[in-house]
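Values quoted throughout were computed directly from the atomic coordinates according to the rules given, and no laboratory measurement underlies them. The model shown is predicted, which means the values in this text are computed figures rather than measured ones. Positions of Cβ are backbone-derived with ideal geometry, glycine not excepted, and every protein chain shown enters the neighbour counts.
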Amino acid sequence: QGSEPLLKNITAEHLLDGLLTANFSYPSCRSRYEFAVHHKSSPHKPSPYLIAKLRKQEALQQRCGPGTAAHKKAVRRLDSGEGVVDDDDGCRYLVYISYRGLGNRMLAITSAFLYAVLTDRVLLVDGGKDADALFCEPFPGTTWLLPRATSWFSRSPLTRLQGYEGGSTETLGNMLQSDAVTVSADGNVSWSAARPPPYLYLHLSGVYGFHDKLFFCGAQQRLLGEVPWLFMWTDNYIVPGLFLTPPFRGELEAMFPEKDAVFYHLGRYLFHPTNPVWNAITTYYHSSGLAGAGKRVGVQIRVFQKKQPPQVVLGQLVSCVRDEKLLPETSAGKGTSSSVAVLVTSLSSWYHERIRDEYGGRVAGGVHQPSHEGRQRWRDAAHDMRALSEMYLLSMCHVLVTSGYSTFGYVAQGLAGLRPWVMPRAPMWAADWREGLDPREPPCRRAVSVEPCFHSPSYYDCAAGRDVELDKVTPYISRCVDVKYGIKLV
Ligand code: GDP
């Protein structure tokens with residue numbers, strides 16, 4: 001079942017209600033058309049305005065993407081340091097610099113894509129070396145992969161992106177503090193030189209400073225609009241921050257009448273596992289018996305802290321499952337038609353074995369774990385392909401229990417359109433997950449929405465000139481259950 005083409009006719013449902021264009025051949029990327037068959041039909045429809053914006057972006061990517069005359073010219077101007085000149089083709093670029101694990105990367109690419117749509121830029125994805133082994137191209141007739149440098153001796157800033165590692169004088173934050181930028185009496189900012197710089201880094205990651213966070217302000221966005229090339233360094237889902245950036249708010253509200261379905265739509269739009277990955281997903285889905293189960297319960301266990309005793313993590317999961325009645329407590333009814341199956345994903349096999357011992361006798365559909373990689377690996381395509389498969393298998397479940405803080409889990413819940421039960425993460429300093437947490441804290445909480453959490457937002461209100469409680473000022477922004485200072489769309 002995994003390898004035979006599944007569809008005879010392609011319908012609107014397969015194109016996710018207009019989200020996807022039909023301008024790709026089915027055999028070239030089967031997941032693009034078969035996603036709908038493997039996921040429950042969507043209660044959320046993409047707005048006509050979102051669909052129009054996506055088609056417009058596809059046209060821009062084609063007109064200015066790699067291989068076009070406009071792209072060649074833009075690269076030449078970047079390399080020579082010329083920047084904008086009057087006869088430019090209206091092609092400006094946003095390059096996403098890939099780093100971190102796959103879940104982080106997928107959330108960051110989604111954020112970069114939305115920023116590119118909002119600012120009429122072409123999105124190009126730098127490296128992550130295996131992006132082409134994992135994902136099909138999302139835009140027809142072009143590529144979203146930044147072309148590799150043809151020469152190691154090239155002085156192009158495009159060849160140095162992977163060396164950025166968080167530091168450069170050409171960050172927005174550094175520029176704002178230098179005399180490259182002039183601040184007027186009314187607080188407006190402009191470039192001091194006759195021409196804006198040819199490129200800038202946007203540093204939007206982890207503990208980023210006050211000036212880099214001014215990215216989320218209107219005046220700074222006007223300044224950035226003049227820069228032909230932007231290089232975005234982030235591992236975060238910054239989308240809630242874009243809703244809080246005044247010039248984008250109206251557009252975003254029009255594109256997403258349902259604020260809690262942004263990743264749901266954009267994740268389904270952008271990410272299509274390549275045929276080898278999709279084969280692995282569908283083959284496992286059918287051969288394990290998950291496909292036949294009436295109820296699939298997905299359990300994602302991600303332990304961030306090496307010294308955390310596994311018994312404690314398991315105890316937390318078992319309490320959550322029991323308190324929320326997610327799995328049968330006895331073997332009575334095991335043979336009924338609406339059988340239950342459990343999918344466990346984790347780097348370790350230990351949890352799967354214990355869960356199978358505990359619940360194997362109670363669920364007719366079995367307890368399954370596709371892989372146990374032992375540890376996270378870097379620049380390993382086969383490892384990333386297994387990670388991607390498991391995110392998609394989790395997204396085919398009816399119920400999810402996830403580990404707080406984990407972007408791997410966020411991707412699964414977002415693609416599924418499910419609000420998971422989230423187990424809080426132990427603080428980094430705790431040997432026991434309860435250490436440092438309120439002892440009355442439940443073992444898990446239901447996420448307030450399907451959306452991923454933005455872990456490190458800017459709390460600064462640019463107009464007011466002070467920090468504000470973001471969840472108090474905007475009705476569709478709320479705190480995350482798993483990350484103290486995180487925010488999410490609801
Ligand atoms: P996060 O660190 O949990 O936010 O998620 P990321 O996806 O960014 O990074 C974790 C990486 O570790 C994944 O991309 C995988 O490479 C690996 N990993 C973590 N948990 C699992 C798992 O359950 N299954 C597999 N196959 N890989 C995992």
What is the gain in length, in nm to one decimal, between THR330 and GLU13 on full extension, counting 0.36 nm per residue of separation less the C-alpha to C-alpha distance? 110.3 nm
Give the aspartates and glutamates reachable from LYS40 as a straight Cα distance under 15 Å; neighbours fewer than 8 places away on the same chain don't count. GLU13, ASP17
With each label point set 7 Å from Cα along the Cα-Cβ vector, what nm distance links ALA69 and SER287? 5.2 nm
Antiparallel bridge percentage (DSSP; both residues within region 39-270; nearest 5): 15 percent
Quick query: amide H of VAL299 versus all other amide H atoms, modeled in the peptide plane; which residues come in under 5 Å with a sequence gap of 5 or more or a different chain? LEU343, VAL344, THR345, VAL401
Work out how much length SER41 to ASP186 would gain on full extension: take 0.36 nm times their residue separation and subtract the Cα-Cα distance, in nm to one decimal. 47.1 nm
Between MET396, LEU415, ALA261, whose Cα lies farthest towards the positive end of the dipole of the chain when Lys and Arg beta carbons carry +1 and Asp and Glu beta carbons carry -1, centred on the Cα centre? MET396
Let me know the charge dipole size of the chain about its Cα centre in debye, to the nearest 20, where only the beta-carbon of Lys, Arg (+1) and Asp, Glu (-1) is charged. 880 debye
Hey, any idea what Rg/Rh is for region 1-151, computing Rh the Kirkwood way over Cα pairs? 1.00
Aspartates and glutamates within cross-link reach of LYS8: Cα-Cα under 13 Å, excluding same-chain residues under 8 positions apart? GLU34
Out of all DSSP beta bridges with both ends in region 336-490, state the antiparallel percent to the nearest 5. 60 percent
Under 4.7 Å Cβ to Cβ, no partner at all: give me those cysteines from the chain, in residue order. CYS397
Just to compare against my own numbers: the Cα pair-distance distribution for the chain, 10 Å bins, whole % per bin, please. 4, 19, 29, 26, 15, 6, 1, 0
When DSSP assigns beta bridges and you keep just the ones with both residues in the chain, what percent turn out antiparallel, to the nearest 5? 25 percent
Burial ordering of ARG121, ARG377, ARG105, fewest other beta-carbon atoms within 10 Å first: ARG377, ARG105, ARG121
Say a paramagnetic label sat at a point 7 Å from the Cα of SER156, along Cα to Cβ; which residues of region 78-121 have their backbone N under 15 Å from it? 78-83, 93-96
Quick check on the exposure proxy: order SER178, SER371 from fewest to most C-beta atoms within 10 angstrom. SER178, SER371
Per the helix-only calculation at 222 nm, which mean residue ellipticity applies to the chain, given -39500 (n - 2.57) for every DSSP H run of n ≥ 4 and division by its residues, nearest 500 deg cm²/dmol? -10000 deg cm²/dmol
Non-local residues with an amide H under 5 Å from the amide H of ASP461, with H modelled 1.01 Å from N and Pro and chain starts lacking one, are ARG466, ASP467, VAL468
